[in-house]
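The values are calculated or read from the model by the stated rules, or taken from the named source; none is laboratory data. Every value quoted in this text rests on a predicted model; they were computed, and no experiment measured them. Positions of Cβ are backbone-derived with ideal geometry, glycine not excepted, and every protein chain shown enters the neighbour counts.
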Amino acid sequence: AARALIFDLDGVLTDTAHTHYEAWKQLADEIGVYFDRDINERLKGVDRLASLRIILERAERSYSAEEQLELATRKNSYYVEAIQRTSPKDLFAGVDRVLADARQAGLKIGLASASRNARTLLDKLGIVDRFDYIADAGAIRHAKPAPDIFLDVAAALGVPPSHCIGVEDAAAGITAIHAAGMAAIGIGDARALAQADVVLPDIAALRLGDVVSS
Ligand code: B16
Ligand code: MG
(Lines give C-alpha, C1' and ligand atoms only; values in the text may rest on other atoms or scores of the structure.)
(Ligands and ions follow the chains in the order given, each with its own letter.)
Protein backbone atom coordinates (compact mmCIF):
# COMPACT_ATOMS: atom_id res chain seq x y z
CA ALA A 1 0.00 0.00 0.00
CA ALA A 2 1.05 3.61 -0.53
CA ARG A 3 2.97 5.22 2.33
CA ALA A 4 3.89 8.58 0.80
CA LEU A 5 2.47 11.15 -1.58
CA ILE A 6 4.98 13.30 -3.46
CA PHE A 7 3.61 16.42 -5.10
CA ASP A 8 4.82 18.65 -7.87
CA LEU A 9 3.98 22.31 -7.14
CA ASP A 10 3.39 24.50 -10.19
CA GLY A 11 0.28 23.22 -11.96
CA VAL A 12 -0.66 20.76 -9.20
CA LEU A 13 -1.12 22.81 -6.01
CA THR A 14 -1.36 26.30 -7.56
CA ASP A 15 -1.34 27.94 -10.96
CA THR A 16 1.97 29.74 -11.32
CA ALA A 17 2.30 29.05 -15.07
CA HIS A 18 0.74 32.46 -15.69
CA THR A 19 3.08 34.20 -13.23
CA HIS A 20 6.11 32.56 -14.87
CA TYR A 21 4.71 33.63 -18.25
CA GLU A 22 4.42 37.28 -17.23
CA ALA A 23 8.00 37.32 -15.90
CA TRP A 24 9.45 35.64 -19.01
CA LYS A 25 7.35 37.92 -21.24
CA GLN A 26 8.77 41.03 -19.58
CA LEU A 27 12.31 39.72 -20.09
CA ALA A 28 11.66 38.65 -23.69
CA ASP A 29 10.21 42.10 -24.50
CA GLU A 30 13.27 43.78 -22.99
CA ILE A 31 15.65 41.83 -25.22
CA GLY A 32 13.36 41.92 -28.26
CA VAL A 33 12.73 38.18 -28.54
CA TYR A 34 9.33 36.86 -29.58
CA PHE A 35 7.51 34.91 -26.83
CA ASP A 36 3.91 33.75 -26.52
CA ARG A 37 1.66 31.39 -24.55
CA ASP A 38 2.31 28.45 -26.86
CA ILE A 39 6.04 28.70 -26.21
CA ASN A 40 5.22 29.09 -22.49
CA GLU A 41 3.52 25.66 -22.58
CA ARG A 42 6.92 24.14 -23.32
CA LEU A 43 8.34 25.59 -20.10
CA LYS A 44 6.09 23.60 -17.73
CA GLY A 45 8.19 21.59 -15.30
CA VAL A 46 11.40 22.74 -17.05
CA ASP A 47 14.07 24.37 -14.88
CA ARG A 48 15.03 28.03 -15.14
CA LEU A 49 18.08 27.93 -17.44
CA ALA A 50 16.56 25.28 -19.69
CA SER A 51 13.45 27.48 -19.95
CA LEU A 52 15.62 30.43 -20.99
CA ARG A 53 17.30 28.32 -23.68
CA ILE A 54 13.88 27.46 -25.13
CA ILE A 55 13.00 31.17 -25.26
CA LEU A 56 16.35 32.05 -26.86
CA GLU A 57 15.66 29.65 -29.75
CA ARG A 58 13.92 32.71 -31.27
CA ALA A 59 16.77 35.13 -30.58
CA GLU A 60 18.66 36.73 -33.44
CA ARG A 61 22.01 36.39 -31.77
CA SER A 62 23.60 33.93 -29.37
CA TYR A 63 24.11 34.67 -25.68
CA SER A 64 27.17 33.69 -23.66
CA ALA A 65 26.82 31.56 -20.54
CA GLU A 66 27.39 34.68 -18.45
CA GLU A 67 24.68 36.61 -20.31
CA GLN A 68 22.28 33.68 -19.94
CA LEU A 69 22.84 33.67 -16.21
CA GLU A 70 22.13 37.40 -16.03
CA LEU A 71 18.91 36.99 -18.06
CA ALA A 72 17.71 34.06 -15.93
CA THR A 73 18.46 36.02 -12.76
CA ARG A 74 16.61 39.05 -14.09
CA LYS A 75 13.55 36.95 -14.92
CA ASN A 76 13.67 35.42 -11.46
CA SER A 77 13.66 38.84 -9.83
CA TYR A 78 10.41 39.67 -11.68
CA TYR A 79 8.94 36.30 -10.66
CA VAL A 80 9.97 36.62 -7.00
CA GLU A 81 8.43 40.07 -6.86
CA ALA A 82 5.17 38.74 -8.33
CA ILE A 83 4.84 35.80 -5.95
CA GLN A 84 5.05 38.10 -2.91
CA ARG A 85 1.35 38.71 -3.62
CA THR A 86 0.51 34.97 -3.40
CA SER A 87 -1.85 33.99 -0.57
CA PRO A 88 -3.77 30.90 0.60
CA LYS A 89 -6.62 31.81 -1.74
CA ASP A 90 -4.32 30.96 -4.65
CA LEU A 91 -4.34 27.27 -3.68
CA PHE A 92 -6.26 25.08 -6.09
CA ALA A 93 -9.59 23.86 -4.71
CA GLY A 94 -9.18 20.51 -2.97
CA VAL A 95 -5.53 20.89 -1.91
CA ASP A 96 -6.38 21.55 1.72
CA ARG A 97 -8.62 18.47 1.88
CA VAL A 98 -6.15 16.19 0.06
CA LEU A 99 -3.36 17.18 2.48
CA ALA A 100 -5.66 16.64 5.48
CA ASP A 101 -6.81 13.24 4.16
CA ALA A 102 -3.19 12.19 3.53
CA ARG A 103 -2.21 13.17 7.06
CA GLN A 104 -5.25 11.35 8.44
CA ALA A 105 -4.31 8.21 6.50
CA GLY A 106 -0.79 8.33 7.99
CA LEU A 107 0.93 9.08 4.68
CA LYS A 108 4.18 11.02 4.48
CA ILE A 109 3.90 14.16 2.35
CA GLY A 110 6.74 15.42 0.16
CA LEU A 111 7.37 18.09 -2.47
CA ALA A 112 9.33 17.51 -5.69
CA SER A 113 9.25 20.85 -7.51
CA ALA A 114 11.82 22.02 -10.06
CA SER A 115 11.31 25.54 -8.72
CA ARG A 116 13.99 27.09 -6.55
CA ASN A 117 11.22 29.28 -5.19
CA ALA A 118 9.12 26.31 -4.00
CA ARG A 119 9.60 26.89 -0.27
CA THR A 120 8.74 30.59 -0.53
CA LEU A 121 5.65 29.73 -2.55
CA LEU A 122 4.45 27.06 -0.07
CA ASP A 123 5.00 29.57 2.70
CA LYS A 124 2.89 32.21 0.92
CA LEU A 125 0.23 29.58 0.23
CA GLY A 126 0.15 28.81 3.96
CA ILE A 127 0.93 25.09 3.63
CA VAL A 128 4.70 24.88 4.19
CA ASP A 129 4.27 23.17 7.59
CA ARG A 130 2.19 20.39 6.13
CA PHE A 131 5.10 18.88 4.22
CA ASP A 132 7.45 16.39 5.84
CA TYR A 133 10.13 17.20 3.28
CA ILE A 134 10.64 19.77 0.52
CA ALA A 135 13.31 19.00 -2.07
CA ASP A 136 15.91 21.71 -2.71
CA ALA A 137 15.81 21.95 -6.52
CA GLY A 138 19.22 23.65 -6.56
CA ALA A 139 20.80 20.57 -5.01
CA ILE A 140 19.36 18.05 -7.50
CA ARG A 141 21.83 16.92 -10.14
CA HIS A 142 19.57 15.88 -13.01
CA ALA A 143 16.29 17.69 -13.63
CA LYS A 144 13.02 15.97 -14.62
CA PRO A 145 12.52 13.75 -16.68
CA ALA A 146 15.40 12.18 -14.67
CA PRO A 147 14.16 10.47 -11.48
CA ASP A 148 16.62 12.26 -9.13
CA ILE A 149 14.25 14.68 -7.40
CA PHE A 150 11.61 12.01 -6.68
CA LEU A 151 14.26 9.60 -5.36
CA ASP A 152 15.67 12.36 -3.15
CA VAL A 153 12.25 12.97 -1.62
CA ALA A 154 11.52 9.25 -1.10
CA ALA A 155 14.89 8.78 0.62
CA ALA A 156 14.33 11.79 2.88
CA LEU A 157 10.86 10.51 3.81
CA GLY A 158 12.29 7.05 4.48
CA VAL A 159 9.79 5.37 2.17
CA PRO A 160 10.82 2.95 -0.61
CA PRO A 161 9.87 4.31 -4.08
CA SER A 162 7.54 1.34 -4.66
CA HIS A 163 5.38 2.71 -1.80
CA CYS A 164 5.35 6.29 -3.10
CA ILE A 165 2.85 7.94 -5.42
CA GLY A 166 3.92 10.98 -7.45
CA VAL A 167 1.46 13.68 -8.55
CA GLU A 168 2.42 15.77 -11.62
CA ASP A 169 0.96 18.04 -14.31
CA ALA A 170 3.86 17.79 -16.80
CA ALA A 171 4.72 14.85 -19.06
CA ALA A 172 8.40 15.14 -18.08
CA GLY A 173 7.32 14.81 -14.47
CA ILE A 174 5.35 11.62 -15.15
CA THR A 175 8.42 10.17 -16.86
CA ALA A 176 10.54 11.12 -13.82
CA ILE A 177 8.07 9.47 -11.40
CA HIS A 178 8.03 6.22 -13.38
CA ALA A 179 11.82 6.25 -13.75
CA ALA A 180 11.97 6.47 -9.94
CA GLY A 181 9.85 3.31 -9.71
CA MET A 182 6.73 5.04 -8.38
CA ALA A 183 3.09 5.12 -9.45
CA ALA A 184 2.10 8.36 -11.20
CA ILE A 185 -1.08 10.42 -10.96
CA GLY A 186 -1.40 12.96 -13.78
CA ILE A 187 -3.28 16.21 -13.20
CA GLY A 188 -4.62 17.82 -16.36
CA ASP A 189 -5.15 16.72 -19.93
CA ALA A 190 -5.54 12.93 -20.37
CA ARG A 191 -3.97 12.96 -23.85
CA ALA A 192 -0.92 15.00 -22.81
CA LEU A 193 -0.42 12.77 -19.76
CA ALA A 194 -1.22 9.41 -21.36
CA GLN A 195 1.78 7.78 -19.64
CA ALA A 196 0.32 8.32 -16.16
CA ASP A 197 -1.30 5.43 -14.27
CA VAL A 198 -4.34 7.61 -13.57
CA VAL A 199 -5.22 11.05 -14.98
CA LEU A 200 -7.52 13.43 -13.10
CA PRO A 201 -8.75 16.79 -14.46
CA ASP A 202 -7.63 18.61 -11.29
CA ILE A 203 -6.48 17.90 -7.75
CA ALA A 204 -10.03 18.35 -6.41
CA ALA A 205 -10.84 15.05 -8.14
CA LEU A 206 -8.23 13.18 -6.07
CA ARG A 207 -9.86 10.79 -3.58
CA LEU A 208 -7.29 9.25 -1.30
CA GLY A 209 -9.40 6.19 -0.63
CA ASP A 210 -8.97 5.14 -4.27
CA VAL A 211 -5.20 5.60 -4.03
CA VAL A 212 -4.12 4.32 -0.64
CA SER A 213 -5.56 0.83 -0.99
CA SER A 214 -3.90 0.23 -4.39
P1 B16 B 1 12.17 28.62 -10.77
P2 B16 B 1 7.27 22.50 -10.95
C3 B16 B 1 8.64 24.37 -12.35
O4 B16 B 1 7.94 23.97 -11.20
C5 B16 B 1 7.75 25.15 -13.31
O6 B16 B 1 6.73 24.31 -13.84
C7 B16 B 1 8.59 25.68 -14.44
O8 B16 B 1 7.80 26.40 -15.36
C9 B16 B 1 9.70 26.58 -13.87
O10 B16 B 1 10.54 27.08 -14.89
C11 B16 B 1 10.53 25.74 -12.89
O12 B16 B 1 9.68 25.24 -11.88
C13 B16 B 1 11.68 26.50 -12.28
O14 B16 B 1 11.21 27.53 -11.45
O15 B16 B 1 12.62 29.57 -11.83
O16 B16 B 1 11.24 29.26 -9.74
O17 B16 B 1 13.31 27.89 -10.13
O18 B16 B 1 6.18 22.33 -11.96
O19 B16 B 1 8.38 21.47 -11.05
O20 B16 B 1 6.73 22.67 -9.53
MG1 MG C 1 4.41 21.28 -12.61
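Overview of results
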{"read-out": "Conditions (1) within 21 Å of His18 (Cβ to Cβ); (2) modelled with pLDDT of 95 or more; (3) under 19 Å from the mean Cα position of the chain (by Cα); (4) surrounded by 14 or more Cβ atoms within 10 Å (Cβ to Cβ); number of the one not met by Lys89", "value": "(4)"}
{"read-out": "In segment 149-172, residue farthest from ligand 2 (Cβ to nearest atom) [restricted to those that are part of a helix (DSSP H, G or I), in contact (Cβ under 8 Å) with a residue 24 or more places away in the chain and surrounded by fewer than 24 Cβ atoms within 10 Å (Cβ to Cβ)]", "value": "His163"}
{"read-out": "Wholly enclosed helices (runs of 4 or more DSSP H) of segment 1-87 bearing at least 2 residues acidic (Asp, Glu) and touching a Phe, Trp or Tyr at 6+ places or on another chain (Cβ under 9 Å)", "value": "17-31"}
{"read-out": "Per-region count, segment 185-208, residues buried (at least 18 other Cβ atoms within 10 Å of the Cβ) and more than 20 Å from Asp15 (Cα to Cα)", "value": "3"}
{"read-out": "Leu125, sole failed condition from (1) within 10 Å of ligand 1 (Cβ to nearest atom); (2) farther than 18 Å from Leu5 by Cα; (3) surrounded by 15 or more Cβ atoms within 10 Å (Cβ to Cβ)", "value": "(1)"}
{"read-out": "Residue pairs meeting the criteria (Cβ under 7 Å; at least 6 apart or on separate chains; first without any contact (Cβ under 8 Å) to a residue 24 or more places away in the chain, in segment 15-30; second in a helix (DSSP H, G or I))", "value": "Tyr21/Arg37; Tyr21/Asn40"}
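For (1) in contact with a helix residue (DSSP H, G or I) (Cβ under 7 Å, 6 or more places away or on another chain); (2) more than 9 Å from ligand 1 (Cβ to nearest atom); (3) on the phi > 0 side of the Ramachandran plot, each residue gets a yes or a no:
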{"residue": "Ile6", "(1), (2), (3)": "yes, yes, no"}
{"residue": "Val12", "(1), (2), (3)": "yes, no, no"}
{"residue": "Gly32", "(1), (2), (3)": "no, yes, yes"}
{"residue": "Asp38", "(1), (2), (3)": "no, yes, no"}
{"residue": "Glu57", "(1), (2), (3)": "no, yes, no"}
{"residue": "Ser77", "(1), (2), (3)": "no, yes, no"}
{"residue": "Ile83", "(1), (2), (3)": "yes, no, no"}
{"residue": "Pro88", "(1), (2), (3)": "yes, yes, no"}
